[in-house]
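Some notes on the structure that comes next.
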Amino acid sequence: MKAAAETGRTCTDAPSRWYQPRSLRGQLLAWLAPWVVVGAVVAGWAFYASYGLVLHTFMQTQMEVLARHHVPGGRGDAPPPLQVLSDESVFRWGALVVQVWSADGQLLATSSASPYAAVPLQAAPGHRLVQQGAGWVQGWRVYTAPPAGPGHQRLQVLQSEQFLQEEVWGRTLYVLLPLALLLPALLFTLWWVVGRASRSLRGVAQEVALRDDRSLGAIPLGPAGRVPEEIVPLVASFNALLALLGEAFAAQRRFVQDAAHELRTPMAAMALQMENLRPWVPPGEAQQQFVQLDAGMRRAQHLVGQLLRLSRQEAPASAQPLAPVDITAVLRDSVGQWMPLADQRRIEVGFDGTEQVVLQASAVDLRSVFDNLLDNALRYTPEGGSVEVRLHRLDAGHAGGAGSAGEGSVVVDVVDTGPGIPPDLLERVFDRFFRVPGTQADGSGLGLAITRAAALRQGLRVELLARSDGVSGLVARVHLAPTATFAAGSALTQR
């Protein structure tokens with residue numbers, strides 16, 4: 001499983017190439033956006049080609065009509081009079097230039113005196129492109145009419161290639177301008193639509209991230225469109241898996257609870273029988289063995305009780321509304337409950353409350369947190385030691401320790417004078433059945449696990465710190481929820 005996790009992390013952390021984005025949104029944009037741009041370019045080129053073909057075909061027809069309109073004369077006839085065109089008419093407005101040639105190739109008349117229009121008579125009749133130099137300015141579309149008969153004059157019609165190209169490009173730009181304005185809007189729409197679809201995927205991912213062993217509810221499909229239709233089967237399958245997992249957790253909790261309940265009765269009966277047997281045990285080695293047996297029985301009873309509490313704490317949160325709880329009153333009750341054990345072990349217990357705190361929470365869970373912390377403190381504090389419960393507001397001097405709340409937060413500290421815990425084991429002791437090596441005190445290793453489970457249910461955080469006053473011992477600190485309300489007040493009890 002560890003190797004699989006490392007493999008999954010490696011795959012997730014692998015850098016993505018620009019042409020291979022990891023996200024679905026990036027992949028859709030990487031594939032669709034270039035096709036949109038290519039489509040726009042192809043559409044522009046297609047219009048340019050088609051309009052150019054239409055324009056050239058139309059102008060060629062016009063040149064042929066004009067050539068048929070000017071009937072050339074025979075040998076020795078005077079050329080027909082031609083209106084001389086200006087260069088602006090020829091090159092800007094596309095006026096057709098008419099040339100009259102003699103049968104032996106002499107230019108008899110022309111409608112343009114521009115040196116650029118000095119296009120020689122083409123040998124074969126028909127249409128062609130004559131290029132007198134580089135660029136459009138010196139290019140001409142030429143139509144040479146076939147001779148009317150032997151010795152007849154020849155007629156040739158010219159049109160500026162510059163005018164034709166500018167006309168084609170101008171019309172193309174008129175069409176491409178709206179397309180160019182539409183292209184960014186289209187790309188933005190594509191980006192927005194893909195982003196909206198990916199947001200729904202991220203919403204499903206966030207719903208999945210909220211699931212844990214305490215919250216295994218089904219992921220809501222919601223109204224149409226909230227979950228993309230393509231992943232509805234995946235979400236439904238995941239919901240079915242969550243249901244099976246919830247049933248497995250419930251079965252595990254029921255087993256632990258049933259086993260603990262079944263064990264309580266015979267354990268209580270055995271404890272009663274041992275109490276009845278105590279006066280009949282002879283002194284000496286038999287009595288020592290009996291004391292060890294009695295201690296083992298008490299540990300077993302304690303373990304059964306803690307297993308029951310742990311299974312209840314790890315159950316999903318109930319639907320009952322939370323009620324305002326006075327933390328000072330809860331702490332007083334918890335301290336009072338453990339006073340007989342403290343008196344038996346001659347441990348001095350003090351309560352110092354400088355804040356009046358009301359918290360929206362479950363009183364049962366809060367009692368479980370504070371009872372287990374006091375139980376641990378009294379178990380591990382040697383006879384003649386002291387345990388102090390403090391309800392106070394942290395200041396800059398007390399806000400030490402990794403992950404501690406910032407200045408001004410209110411905490412509950414349970415401070416003892418026991419042996420303490422090595423720094424590298426401060427987190428390990430929250431694991432089930434873990435005990436610090438070499439510990440002599442009775443215990444099952446479940447007290448702090450129960451404490452953390454109850455605290456998490458109420459949004460509290462528990463941390464363990466070494467004492468900073470040079471005295472051996474431990475500080476168990478409970479950070480109260482940010483929703484707690486505070487009132488000025490002071491309560492002090494010392495025993």
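The values are calculated or read from the model by the stated rules, or taken from the named source; none is laboratory data. A quick note: this is a predicted structure, and the numbers were derived from the prediction, not measured. Quick reminder, even Gly has a Cβ in these numbers, built from the backbone with ideal geometry, and neighbours come from all protein chains shown. Calculation scope for accessible area: heavy atoms of the full protein, side chains included, ligands and nucleic acids excluded. Shrake-Rupley method; radii C 1.70, N 1.55, O 1.52, S 1.80 Å.
Which numbered condition trips up SER318, out of (1) closer than 30 Å to ASP352 by Cβ; (2) loosely packed, with under 12 Cβ neighbours inside 10 Å; (3) at pLDDT below 80; (4) not β-branched (Val, Ile, Thr)?
Here SER318 meets the rest and fails (1).
Given the criteria farther than 30 Å from VAL175 by Cα, at pLDDT below 70, basic (Lys, Arg) and crowded, with 17+ Cβ neighbours inside 10 Å, does ARG25 qualify?
Yes: the conditions hold for ARG25.
Would you check if there is a residue in the stretch 363-384 being touching a residue at least 12 places away in the same chain (Cβ under 8 Å), surrounded by fewer than 18 Cβ atoms within 10 Å (Cβ to Cβ) and assigned to a strand (DSSP E or B)?
No - not one qualifying residue is present in the stretch 363-384.
Please work out which one of (1) modelled with pLDDT of 85 or more; (2) surrounded by 15 or more Cβ atoms within 10 Å (Cβ to Cβ) is the condition LEU310 fails and give its number.
With respect to (1) modelled with pLDDT of 85 or more; (2) surrounded by 15 or more Cβ atoms within 10 Å (Cβ to Cβ), LEU310 is out only on (1).
Do we have any residue at all in the stretch 103-117 that's outside any helix (DSSP H, G or I), hydroxyl-bearing (Ser, Thr, Tyr) and open to solvent by 30 Å² or more (accessible area, probe 1.4 Å)? Reasoning before the result, please.
Quick first cut of the stretch 103-117, residues outside any helix (DSSP H, G or I) only: 103-114.
Then keep just the ones that are hydroxyl-bearing (Ser, Thr, Tyr); that gives 110-112, 114.
Narrowing further to those that are open to solvent by 30 Å² or more (accessible area, probe 1.4 Å): 110.
Yes, some residue in the stretch 103-117 is outside any helix (DSSP H, G or I), hydroxyl-bearing (Ser, Thr, Tyr) and open to solvent by 30 Å² or more (accessible area, probe 1.4 Å).
Which one of the conditions (1) in contact with a helix residue (DSSP H, G or I) (Cβ under 6 Å, 6 or more places away or on another chain); (2) more than 24 Å from THR57 (Cα to Cα) does GLN83 fail to meet, given that it meets all the rest?
Failed condition: (1).
Could you say which residue among VAL227, VAL193 is of a type in the set (A, V, I, L, M, F, W, C) and surrounded by 13 or more Cβ atoms within 10 Å (Cβ to Cβ)?
That would be VAL227, the only listed residue that is of a type in the set (A, V, I, L, M, F, W, C) and surrounded by 13 or more Cβ atoms within 10 Å (Cβ to Cβ).
With the condition kept exactly as written, say whether any residue in the stretch 74-83 is surrounded by fewer than 17 Cβ atoms within 10 Å (Cβ to Cβ), hydrophobic (A, V, I, L, M, F, W, C) and touching a residue at least 24 places away in the same chain (Cβ under 8 Å).
There is at least one residue in the stretch 74-83 that is surrounded by fewer than 17 Cβ atoms within 10 Å (Cβ to Cβ), hydrophobic (A, V, I, L, M, F, W, C) and touching a residue at least 24 places away in the same chain (Cβ under 8 Å).
Have a look at VAL235, VAL194 and point out the one that is part of a helix (DSSP H, G or I) and either in contact (Cβ under 8 Å) with a residue 40 or more places away in the chain or in contact with a Ser or Thr (Cβ under 9 Å, 6 or more places away or on another chain) (or both).
Details: VAL235 fails: either in contact (Cβ under 8 Å) with a residue 40 or more places away in the chain or in contact with a Ser or Thr (Cβ under 9 Å, 6 or more places away or on another chain) (or both).
Every option except VAL194 fails the conditions.
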